[in-house]
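Okay, so here's the structure we're looking at.
The values are calculated or read from the model by the stated rules, or taken from the named source; none is laboratory data. Treat the numbers as computed from the prediction; the structure is a model and nothing was measured. Reconstructed Cβ throughout: ideal geometry from the backbone, glycine too, with neighbour counts over all protein chains shown.
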Amino acid sequence: MRTPWGDLRVWNVHLDTRINLGERLDQLQPVIDEAAGYSCPRLIGGDFNTNDLYWFGNVLPLPFGPAHGTAVRSAMRTKGFETPLPAGLDTFKPFRRQLDWIYLNGLTSVAASVEPARFSDHNAVWVHARL
């Protein structure tokens, strides 16, 4: 994006739902790697589907799997991306899970929150940031 204050690179992701942690990180890694190749401010956001389930055969969800959100945050941090959204927000109303995130690199967060979105089964995440 071209802004009056400079360029901003933006990636939007929608990761698969019925995958385990390793597969989730594998699916996200090309985006992280590409974004890390730029020096301008960057934003990666979207539906990361960070559930805490273990998927047996990508069909049957078993509770109490590894914390996908924590692992994704760690992977993002290794390339300099941080989220202003605290863990534990409710972005997926039906199961009270945090599936959606926004990560910043080279931007300063001024405010961030989650708001109800009547047109979606997800709540909307937003960040007000400065270049």
Looking only at the range 67-103, how many residues end up being in contact with a Leu (Cβ under 7 Å, 6 or more places away or on another chain), of a type in the set (A, V, I, L, M) and closer than 20 Å to residue 122 by Cβ? 2
Report yes if residue 48 is modelled with pLDDT under 95, surrounded by 13 or more Cβ atoms within 10 Å (Cβ to Cβ), closer than 13 Å to residue 125 by Cβ and not hydroxyl-bearing (Ser, Thr, Tyr), otherwise no. no
Those residues of the range 53-96 which are part of a loop (DSSP other than H, G, I, E, B), among the charged types (D, E, K, R), within 17 Å of residue 25 (Cα to Cα) and without any contact (Cβ under 8 Å) to a residue 40 or more places away in the chain, in sequence order: none
Considering only the range 1-24, how many residues are of a type in the set (Val, Ile, Thr), in a loop (DSSP other than H, G, I, E, B) and either in contact (Cβ under 8 Å) with a residue 40 or more places away in the chain or buried (at least 18 other Cβ atoms within 10 Å of the Cβ) (or both)? 1
Residue that is modelled with the lowest pLDDT, among those in the range 92-111 that are surrounded by 17 or more Cβ atoms within 10 Å (Cβ to Cβ) and more than 25 Å from residue 33 (Cβ to Cβ): 97
Scan the range 110-127 residue by residue and report those that are within 17 Å of the chain's Cα centre (by Cα) and either farther than 22 Å from residue 17 by Cβ or not in a loop (DSSP other than H, G, I, E, B) (or both). 111, 112, 113, 114, 115, 122, 124, 125, 126, 127
The range 40-51 - residue that is in a loop (DSSP other than H, G, I, E, B) and within 11 Å of residue 17 (Cα to Cα) and, of those, nearest to the chain's Cα centre (by Cα): 48
In the range 25-39, is there at least one residue being in contact with a His (Cβ under 7 Å, 6 or more places away or on another chain), part of a helix (DSSP H, G or I) and farther than 17 Å from residue 102 by Cβ? no
